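Asks: Please find one structure pasted underneath; my questions will follow.
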Amino acid sequence: MTTSNESTKLSQKTLNSVFWRWFLWGQIGWNYEKMQGSGYCFSMMPALKEIYKGDDDALQEAVENHLQFFNTTPHTAFVILGINCAVEPELKLSGKEAIAGIKTGLMGPFAGVGDSIFGVIIPTIFGSIAAYMALSGNPVGSFIWIIAGVVTAFIRWWLFKLGYTQGQSAVDTIAENMKPITDAAGILGLVVVGALICTVVAVTAPGTFAMGDVNQKVQDLLDGIMPGLLPLCVTAFVYWLLSRKGMTSNKAILIVIVIGLVLGCTGILAK
């Protein structure tokens, strides 16, 4: 992997280290606040140390930028890592918003594609063939599953290289059009987060409002005002909790569990 700008080129040793860190420990430190954020930052550390060598303050700021929320299919995350390794040496801290926006904007689409291919299609096809052959007493089935894993590993490296190469090709365009790209990445990130709220946060109002002979389901009434209103309110409430002084993600989770149990047992809210 090469680039025309030698001053911003990461060494092959650093790129290899980034790849293997995510390959082996991408899910390290997984938690409900940042999800894969700590694993992503850990994987990027060799690159960050090379880029900001001798400037501890800049390195700390870059680390904090990469400790943000991140969650996608581990296999397709290599594309995003590759892009970051290409873009970060050029933009550095002046483009940290664009760097964060690229991560946020890409993790959703790549999660959808990656989950379908690496989470469903490949395991289903090769796993079914391997299991059927194994049940029939054919040892070749186990080797098929091993081969599928090895091929998948090579695909991960190819995806990492693809992201790095394409990131190098786009780095000049990104640098020249920083604000539009940052705005576009931010908008895409908000769209992804909004979609996640509607699909992941499952909260409904099961009650029925009665007046005379008219019975109106509360959830239908809320959907008429705005679909996904309750999930939005719950998400906004959690964000408000996390903004309070002394609040942690574990405390916020405990508060949500307690409120959910109370409202669920009383029939006010349901899943």
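Asks: For a label point 7 angstrom out from the Cα of Val140 toward its Cβ, which stretches of segment 104-125 have the backbone nitrogen within less than 19 Å?
Replies: Residues 125 fall inside that zone.
Asks: Hey, what do the phi angles of segment 197-208 turn into as Karplus ³J(HN,Hα) couplings, whole Hz, using 6.51/-1.76/1.60 and θ = phi - 60°, x for Gly and Pro?
Replies: Along segment 197-208, the couplings run 4, 5, 9, 9, 7, 9, 9, 9, 10, x, x, 10 Hz.
Asks: Let me ask something additional. Name the residues whose placed amide hydrogens come within less than 5 Å of the amide hydrogen of Gln216, ignoring near sequence neighbours (fewer than 5 apart) on the same chain.
Replies: HN-HN under 5 Å from Gln216: Phe209, Ala210, Met211.
Asks: Going through the cross-link list Lys92/Lys251; Lys13/Lys103; Lys217/Lys245; Lys96/Lys271, which pairs have a Cα-Cα distance over 32 Å in this structure?
Replies: Working: Lys92/Lys251 35 Å; Lys13/Lys103 23 Å; Lys217/Lys245 38 Å; Lys96/Lys271 38 Å.
Beyond 32 Å: Lys92/Lys251; Lys217/Lys245; Lys96/Lys271.
Asks: Compute the acute angle (0 to 90°) between the alpha-carbon long axis of helix 229-242 and the principal axis of greatest extent of the alpha-carbon atoms of the chain; round to the nearest 10°.
Replies: Rounded to the nearest ten degrees, it is 60.
Asks: What ranking do Ile51, Ile255 get, fewest neighbouring Cβ atoms within 10 angstrom at the top? Display every interim value, and only then the final one.
Replies: Details: Ile51 21, Ile255 14.
Exposure proxy ranking, most exposed first: Ile255, Ile51.
Asks: HN-Hα J couplings of segment 67-82 from phi, Karplus 6.51/-1.76/1.60, θ = phi - 60°, integer Hz, Gly and Pro as x?
Replies: Per residue, the Karplus-derived 3J(HN,Hα) values read 8, 6, 4, 8, 7, 7, 5, x, 5, 7, 4, 4, 5, 5, 4, x Hz.
Asks: Angle check, please: helix 96-114 long axis (alpha carbons) against the longest principal axis of the chain (alpha carbons), in degrees 0 to 90, nearest 10.
Replies: 70
Asks: Out of (i) 1.07; (ii) 0.97; (iii) 1.45, which label holds the value of Rg/Rh (Cα atoms, Kirkwood Rh) that was computed here?
Replies: (i)
Asks: Which one of Met133, Ser43, Ala98 has its Cα pushed farthest toward the positive end of the charge dipole of the chain, where Lys and Arg give +1 and Asp and Glu give -1 at the Cβ?
Replies: So the residue we want is Met133.
Asks: Then there's this: Which angle from 0 to 90°, rounded to the nearest 10, does the C-alpha axis of helix 12-25 make with the longest principal axis of the chain?
Replies: In the chain, helix 12-25 runs at an angle near 30 degrees to the longest axis.
Asks: Given R₀ = 25 Å, what would the calculated FRET efficiency be for Lys217 paired with Cys265, taking r from the Cβ atoms and rounding to 0.05? Walk me through the intermediate numbers first.
Replies: Details: r = 20 Å, r/R0 = 0.81.
That pair, Lys217 with Cys265, gives E of 0.80.
Asks: To the nearest 20 Debye, how big is the dipole of segment 6-196 about its Cα centre, given +1 on the beta carbon of each Lys and Arg and -1 on that of each Asp and Glu?
Replies: Values: 12 positive and 15 negative charges, 121 e Å.
Dipole magnitude for segment 6-196 comes out near 580 debye.
Asks: Cut-off is 10 Å between beta-carbons; in what order do Ile117, Ile259 appear when sorted fewest neighbours first? It would help to have the intermediate numbers written out before the result.
Replies: Working: Ile117 16, Ile259 13.
Least to most surrounded, the residues fall as Ile259, Ile117.
Asks: Shifting gears a bit: Can you pull the one-decimal nm distance between simple spin-label points at Asn250 and Val238, each 7 Å off the Cα toward Cβ?
Replies: That separation, rounded to one decimal, is 1.8 nm.
Asks: How much length, in nm to one decimal, is gained on full extension between Cys198 and Lys161, taken as 0.36 nm per residue of separation minus their Cα-Cα distance?
Replies: Working: separation 37, 0.36 × 37 = 13.32 nm, distance 3.40 nm.
Extending this stretch completely gives an extra 9.9 nm.
Asks: Under the Karplus relation 6.51 cos²θ - 1.76 cosθ + 1.60, θ = phi - 60°, what is the ordered set of whole-Hz ³J(HN,Hα) values for segment 130-139, x standing for Gly and Pro?
Replies: Each residue of segment 130-139 in turn: 5, 5, 5, 5, 5, 5, 7, x, 9, x Hz.
Asks: Please build a GNM for the chain, connecting alpha carbons under 10 Å apart, and tell me which residue among Lys96, Lys245, Lys53 fluctuates the most.
Replies: Lys245
Asks: Quick check on segment 185-264: take the gyration tensor over C-alpha atoms, sort the square-rooted eigenvalues as a ≥ b ≥ c, and tell me if it's rounded (a/c under 1.5), prolate or oblate.
Replies: Oblate, because a/c is 1.5 or more while a/b does not exceed b/c.
Computed from the coordinates by the stated procedures, all read-outs in this text should not be read as laboratory data. Worth saying up front: this structure is predicted, and the values here are computed from it rather than measured. Counting neighbours? That spans all protein chains shown, and the Cβs are built from the backbone with ideal geometry, glycine included.
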